[in-house]
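Enquirer: Let me begin by handing over the structure; questions about it come next.
Read the figures in this text as sums done on the coordinates, not as results from a lab. What you see is a predicted model, and the numbers here were worked out from it, not measured in a lab. Cβ: placed from backbone, ideal geometry, glycine included. Neighbour counts: every protein chain shown.
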Amino acid sequence: MTTQTRPKVLFFDVNETLLDLTQMKKQVGEALNGREELLSLWFTTMLQYSLVITASGQYKHFGYIGAAALQMVAANNGITISEDSAREVVLNSLRGLPAHSEVKAALSQLKEDGYKLVSFTNSSNEGVKKQFESAGLTDYFDECLSVEDVGKFKPFTDTYAWAARKMEVKQEECMLIAAHGWDVAGALWAGWRAAFVGRPGQQLFPLAPKTEINESDLQKVADILVTYK
């Protein structure tokens, strides 16, 4: 087997890739009167409108988009949630999430092996700062990037290009590690390399280019990356 060349920078998606969303889903489910079957619809609505906002040349805080999506899904199911209540539910539920059980050991392994680790999220700068402080992940990363600074959400190609410029590397020297098929697809189409973390309920997009690494958790991804030269 041919040994792979190391990416110069590993970029990590945050929500679901590094952080366990179980607690958040429970809180959002409670806001939807216990209708937890609506959670996937809420998340896809949030993603849809983040794309609508970027495509329209606008920018809004990702948490606010999540709150608006929560109001929309609620309204379609006979549930009333005020804007303030929706924002409180979404922002609070995102901020206290724990890391998945294998994440810290995997990040430590990659860092000790000489990789540069950068978080790269659709969440705000303030939001990810609080998330990492709560989850104990701050010290693992060389840099924390938020799309808030470029005003365009992933998976827009311009957003990946901006992150590469920010870290002063070429597109092909970047690798995204993420648990979302849409994010991995966006990175690959932008000229990046990618590793998919197959968290439960997540799938690769069949029409996207083939992902270099496809494993069920971050530790398995790390075990492969440390063999790269």
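Enquirer: Can you tell me the order of 199-205, 36-42 when each peptide is scored by its average per-residue count of other Cβ atoms within 10 angstrom, highest first? Write out the running numbers ahead of the final one.
Expert: Values: 199-205: 13.4, 36-42: 16.0.
Highest-to-lowest ranking by the protection proxy: 36-42, 199-205.
Enquirer: Now a separate question. Give me Rg/Rg_expected for segment 22-95, where Rg uses Cα atoms only and Rg_expected = 2.2 N^0.38 Å with N residues.
Expert: Details: Rg = 11.6 Å, N = 74, 2.2 N^0.38 = 11.3 Å.
For segment 22-95, the normalised Cα radius of gyration is 1.02.
Enquirer: While we're here: Pairing the Cα long axis of helix 125-135 with the longest principal axis of the chain, what angle in degrees results, from 0 to 90 and rounded to the nearest 10?
Expert: 80
Enquirer: At a 10 angstrom cut-off on C-beta neighbours, averaged per residue, how do the peptides 175-188, 101-114, 76-89 rank from highest to lowest?
Expert: Details: 175-188: 24.8, 101-114: 16.1, 76-89: 14.0.
Sorting 175-188, 101-114, 76-89 by mean packing, highest first, produces 175-188, 101-114, 76-89.
Enquirer: Could you work out [θ]222 nm for the chain from helices alone, using -39500 (n - 2.57) per DSSP H run of at least four and dividing by all its residues? Round to the nearest 500 deg cm²/dmol. Don't skip to the end; give the middle numbers.
Expert: On the way: 9 runs with 102 residues, N = 229.
Calculated from helices alone, the mean residue ellipticity at 222 nm is -13500 deg cm²/dmol.
Enquirer: Follow-up. Compute the distance from the alpha-carbon center of segment 189-224 to that of segment 5-24, in whole Å.
Expert: 11
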